[in-house]
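Reading through the structure tokens given below for one structure.
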Amino acid sequence: MKNKLKLFICTSLFLGASFGVVKYSTNAENSSLVGSEEVTSYEKLPELIFPLPGEELASKVNFKTSNMKFASSQEAKVFKFIKKNITVKDLMVEADKLKINEVVKNKSDKSLGDLLVAEDENKYLEIEKDTGAITYLNKKAKESKVRGNIKVPSDEESIKLAKEFLDNLGWLPNNFKVVEVTEDTERPANVDVTEKGFVTNKTVHFYKFIDGNVPVYGVSRILVEIGDSGVIEAVRKFHKDEVDQSSYQLKTPEAAVEELKHGNAVHNIEPGAVDANIEQIDLAYWEDAGSIDNQPFLQPVYVIKGNYNKLNKTNTESFNALVPAVAGKYIKENISSVQSPSDTKK
């Protein structure tokens, strides 16, 4: 299944690679809605933080739009994340559903915050107190697989199994959709490197959409790993819940393109690029991987897509760029490279 959402920025959060960080801030504290006769005071939005790939990127590119007109909205909703305050009782309810003979303990992680953990010899459950983010591992299933004799379901069956598992636990919000199914493979040492090897498990990827069709980029996703004979080996539920905050005035797509041209955007164009043609601009949302205290809001962004040419090369490469969409946002500062939150799976 083709992943229509795949962006270099999204996948970097889970690959454990080093990346830089770009922070954007806003002066939209006292914005007024377009078309409104009265000026309403709005809560100031904290800066957005976009991770950057570890490799060098192009710094001087000639962006072209061919005088295209891009559809746009004058305003968009901003959402406020819900701080859940998960308790030991909440953890034990989920552990009971999973038949974990729990040993409850507290745990603290510098990037994830305060965690509650229930674990026995076969299974592991971890819930972040503020966000409700969940990691579930079926340790026994992972450790007992017989290499070379693994029967993993088809993509269609994997999707069905993943949905049923999440639905039974109440872990699948209705604004998440399946976007792709990926697979992990192993190749024995005696098998030629040109051979694919055998599939050890598949991962069903669910992504969040606002109002049914506006994608949420960043950390927001649910991953379900399926192994031998359709056994659920792991669930990684990385997202926050949110409520409506207010509608904020948006900059125009043309203004976002100007920011990209002046370097006030995050993109994945490689060094050596000369000309880049902008073909599409979509409105999306960005969910930061940090804590709710650091970023309390789910904010809109423009996703700029197109193709670019490299010097002395005839083939083109595709690119994506992110620009904050709320009017008044501008680049504030660059921060030195830091280590990304890592995970064993994408």
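Mind jotting down the distance between the C-alpha centroids of segment 143-185 and segment 247-305, whole Å?
Result: 32 Å between the Cα centres.
Between Thr182 and Glu254, what is the label-to-label distance in nm when each label sits 7 Å out along the Cα-to-Cβ direction?
Distance between label points: 3.9 nm.
Say a paramagnetic label sat at a point 7 Å from the Cα of Ser144, along Cα to Cβ; which residues of segment 220-242 have their backbone N under 13 Å from it?
Once the point is set 7 Å along Cα→Cβ of Ser144, 228-229, 231-233 turn out to lie under 13 Å by backbone N, inside segment 220-242.
Hey, can you grab everything whose amide H is under 5 Å from the amide H of Ala58? Only 5+ residues off in sequence or another chain; H modelled, so Pro and N-termini drop out.
Ile269, Glu270
Could you report segment 70-181's accessible area per residue, 1.4 Å probe, as an integer in Å²?
57 Å²
Starting from 0.36 nm per residue, how many nanometres of slack lie between Lys261 and Thr314 once their C-alpha separation is accounted for? Working shown, then result.
Numbers: separation 53, 0.36 × 53 = 19.08 nm, distance 2.28 nm.
In short, 16.8 nm is gained.
Tell me which residues come under 5 Å, amide H to amide H, from Phe297 once H is placed; ignore anything under 5 positions away on its chain.
Phe81
Roughly speaking, to the nearest percent, how much of segment 126-180's 1.4 Å accessible area is carbon and sulfur?
Answer for segment 126-180 is 45 percent, counting heavy atoms of protein chains only.
Could you give the length gained on full extension between Val88 and Lys69, defined as 0.36 nm per residue of separation minus the Cα-Cα distance, in nm?
Length gained between Val88 and Lys69: 1.5 nm.
With Cβ to Cβ distances under 10 Å as the rule, what net charge do the other residues near Ile134 carry (K, R +1; D, E -1)? All intermediate terms of the calculation are to be shown ahead of the outcome.
On the way: positive: Arg236, Lys237; negative: Glu94, Glu126, Glu128.
Neighbourhood net charge equals -1.
Highest first, please rank the peptides 79-87, 157-165 by the mean number of other Cβ atoms sitting within 10 Å of their residues.
The peptides rank, most packed first, as 157-165, 79-87.
When only DSSP loop residues count, what GluC sites (Glu not before Pro) in segment 195-296 have their Cβ near at most 16 other Cβ atoms within 10 Å?
Of the GluC sites (Glu not before Pro), the ones in loops of segment 195-296 whose Cβ has at most 16 other Cβ atoms within 10 Å are Glu195.
From Cα pairs below 8 angstrom and at least 6 apart in sequence, can you work out the relative contact order of segment 157-275, rounded to a whole percent?
On the way: 142 pairs, mean separation 21.0, N = 119.
The value is 18 percent.
Cross-link list Lys44/Lys202; Lys202/Lys251; Lys237/Lys310; Lys69/Lys313; Lys251/Lys310: which exceed 32 angstrom alpha carbon to alpha carbon?
Numbers: Lys44/Lys202 42 Å; Lys202/Lys251 41 Å; Lys237/Lys310 39 Å; Lys69/Lys313 29 Å; Lys251/Lys310 30 Å.
Those over the limit are Lys44/Lys202; Lys202/Lys251; Lys237/Lys310.
Using amide H atoms built 1.01 Å from N in the peptide plane, name the residues 5+ places from Phe63, or on other chains, whose amide H lies under 5 Å from its own.
Hits under the 5 Å cutoff: Ala276.
The values are calculated or read from the model by the stated rules, or taken from the named source; none is laboratory data. In this text the structure is predicted, and so the values were computed from the model without any measurement. Cβ: placed from backbone, ideal geometry, glycine included. Neighbour counts: every protein chain shown. Note: areas computed on protein heavy atoms with side chains; ligands, DNA, RNA excluded. Shrake-Rupley method; radii C 1.70, N 1.55, O 1.52, S 1.80 Å.
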